[in-house]
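K.L.:
One structure follows; several queries about it will come next.
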């Protein structure tokens, strides 16, 4: 919860700041008064203003660490279950994994109308990976950051899907696959689709290109920003509720009630957002395979 030496604004800002590594420009004055020498310097940011000064080259270390770590957990668990799988009635984790695989497989069969062996594994990966990242939102808001503070790390955001770099990065990956399969399956027909739809006349080619390209580019933006917006808003509400604990003894019981209530509601949001991201990925790739 918010510490006695922090204002609510400082508490919120701290929890929304990523652990950032990047290059500070020459002449930049750091918080400790030191000045970056010639050629700039690659350092860990000590605050939001330093992270902003690093620009596009900055890396959100915590987002990368947690997202890659959760991806490794996903691969390890599913590999372990695959090695244990056998005929008979499944139990425990085997049953959970089989239910997830069957659920994704049925969704792909109902949604994807082409023929591609990549889609089902991709859908499973997207669903479980996003679900694991979203589930980190249920970890008590101060637990992990306070533990990292003991190790001298002052910033730590543990929910990768509240970082637009992560969500838009995944969306761009889906967009690249869309373009690849659109060109592979349709060939020149993809160019014709962009230039002759919806008005099938050469005079409307500029209008068609504008509308179709805008619609095409909107897909990855909507895919990434939808996930980011929902999880970021949820994380913000968790932070605001946690800040109530510092408002006095009288607010502790209401804050605890609100925290539990929002966590229960969030149990619906977390799998729903993972499901939406997976379904839209499948739908977009299905559209890329449709050769009119």
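The values are calculated or read from the model by the stated rules, or taken from the named source; none is laboratory data. Since we're looking at a predicted model, the values are computed, not measured. Here the Cβ is made from the backbone with ideal geometry for all residues, glycine too, and neighbour counts use every protein chain on show.
K.L.:
Out of 62, 31, report the one residue that is touching a helix residue (DSSP H, G or I) at 6+ places or on another chain (Cβ under 9 Å), part of a loop (DSSP other than H, G, I, E, B) and touching a residue at least 12 places away in the same chain (Cβ under 8 Å).
P.N.:
31
K.L.:
Then there's this: Before we move on, is residue 13 part of a loop (DSSP other than H, G, I, E, B) and closer than 18 Å to residue 158 by Cα?
P.N.:
Against the criterion (part of a loop (DSSP other than H, G, I, E, B) and closer than 18 Å to residue 158 by Cα), residue 13 does not qualify.
K.L.:
Considering each residue of the range 152-179, count those that are touching a residue at least 40 places away in the same chain (Cβ under 8 Å) and either farther than 27 Å from residue 229 by Cβ or not in a helix (DSSP H, G or I) (or both), and give that number.
P.N.:
Adding up the residues that qualify gives 8.
K.L.:
Here are some residues: 52, 58. Which one is touching a strand residue (DSSP E or B) at 6+ places or on another chain (Cβ under 8 Å) and modelled with pLDDT of 85 or more?
P.N.:
Every option except 58 fails the conditions.
K.L.:
Restricting to the range 176-188, name every residue that is loosely packed, with under 14 Cβ neighbours inside 10 Å and either at pLDDT 90 or above or on the phi < 0 side of the Ramachandran plot (or both).
P.N.:
Once the filter is applied, which keeps residues that are loosely packed, with under 14 Cβ neighbours inside 10 Å and either at pLDDT 90 or above or on the phi < 0 side of the Ramachandran plot (or both), the range 176-188 yields 176, 179, 180, 184, 188.
K.L.:
In addition: Check 73, 8 and return the single one that is more than 25 Å from residue 165 (Cβ to Cβ) and in contact with a helix residue (DSSP H, G or I) (Cβ under 7 Å, 6 or more places away or on another chain). Reasoning before the result, please.
P.N.:
Values: 73 fails: more than 25 Å from residue 165 (Cβ to Cβ).
Answer to the selection: 8.
K.L.:
Can you tell me how many residues in the range 209-224 are touching a helix residue (DSSP H, G or I) at 6+ places or on another chain (Cβ under 7 Å) and either under 22 Å from residue 137 (Cα atoms) or loosely packed, with under 13 Cβ neighbours inside 10 Å (or both)?
P.N.:
Of the residues in that region, 3 qualify.
K.L.:
List the helices (runs of 4 or more DSSP H) inside the range 181-292, counting only whole elements, that have at least 1 residues being within 27 Å of the chain's Cα centre (by Cα).
P.N.:
Helices (runs of 4 or more DSSP H) meeting the threshold: 205-243, 252-289.
K.L.:
Here is a further query. Mind checking whether some residue in the range 90-98 is free of Cβ contacts under 8 Å to residues at least 24 places away in the same chain, closer than 28 Å to residue 157 by Cβ and under 19 Å from the mean Cα position of the chain (by Cα)?
P.N.:
no
K.L.:
Scan the range 145-175 for residues that are touching a helix residue (DSSP H, G or I) at 6+ places or on another chain (Cβ under 9 Å) and over 21 Å from residue 273 (Cβ atoms) and jot them down.
P.N.:
145, 148, 153, 154, 155, 156
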